[in-house]
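Asks: Mind having a look at this structure? Questions to follow.
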Amino acid sequence: MIGTAVAKFPPSQSVGERYWGEELLLVLSSKNYTMKKLITRAGQKGGLQYHRLKDEANYVISGRLLLRYEDESGVLREKEVGPDEWFH
C-alpha cells in the first residue's frame, strides 16, 4: 500500500537569544535532519563547531559571512560567503 504524503506547517521554535543573534528551529526530525534559521548581528561571531553525529549545510540569504573551516588536511581556512551562496 502506498502512503499518502501530508503537508506539515509547524510553527518555528526559538532556541533563544544568543550573544551573536538568534537561532530558530524550523524543522526537527529526530536522527534525520534539522533545519534552522540563524540571524546573526553585524560584527558578531559564533564559536568554532564540529559535528560528529550530524551533517550540516547552510545557505546565505543576505549579508556576508566570514566562515572558518578545517580543510581536508586539517588546516584552518577562511572564506567569505554572501547571498545565494551555500556551504556543506
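The values are calculated or read from the model by the stated rules, or taken from the named source; none is laboratory data. Every value quoted in this text rests on a predicted model; they were computed, and no experiment measured them. Don't worry about glycine lacking a Cβ; one is built from the backbone with ideal geometry, like all the others, and counts go over all protein chains shown. Note: areas computed on protein heavy atoms with side chains; ligands, DNA, RNA excluded. Shrake-Rupley method; radii C 1.70, N 1.55, O 1.52, S 1.80 Å.
Asks: Whole number in Å², please: accessible area per residue of the chain, 1.4 Å probe, ligands, DNA and RNA not counted. Write out the running numbers ahead of the final one.
Replies: Numbers: 8130 Å² over 88 residues.
On a per-residue basis, the chain sits at 92 Å².
Asks: Across every pair of different alpha-carbon atoms, what Kirkwood hydrodynamic radius in Å does the chain reach?
Replies: Hydrodynamic radius (Kirkwood, Cα pairs) of the chain is 15.4 Å.
Asks: Here is a follow-up. How high is the relative contact order of the chain, in percent, with contacts defined as C-alpha pairs under 8 Å that are six or more residues apart?
Replies: 18 percent
Asks: Accessible surface of Thr40 in the full protein assembly, 1.4 angstrom probe, to the nearest 10 Å²?
Replies: Answer for Thr40: close to 80 Å² accessible.
Asks: Convert each backbone phi in region 57-62 into a coupling constant with the Karplus relation 6.51 cos²θ - 1.76 cosθ + 1.60 (shift: θ = phi - 60°), then list the ³J(HN,Hα) values in order as whole Hz, x for Gly and Pro.
Replies: 10, 9, 10, 8, 8, 8
Asks: Excluding Leu26 itself, calculate the net charge of residues whose Cβ lies under 13 Å from the Cβ of Leu26, where each Lys or Arg counts +1 and each Asp or Glu counts -1.
Replies: Details: positive: Lys8, Lys36, Lys37; negative: Glu22, Glu23.
Net of charged neighbours comes to +1.
Asks: Any chance you could run the full-extension gain for Tyr19 through Asp84? It's 0.36 nm times the residue separation minus the Cα-Cα distance, nm to one decimal.
Replies: 20.9 nm
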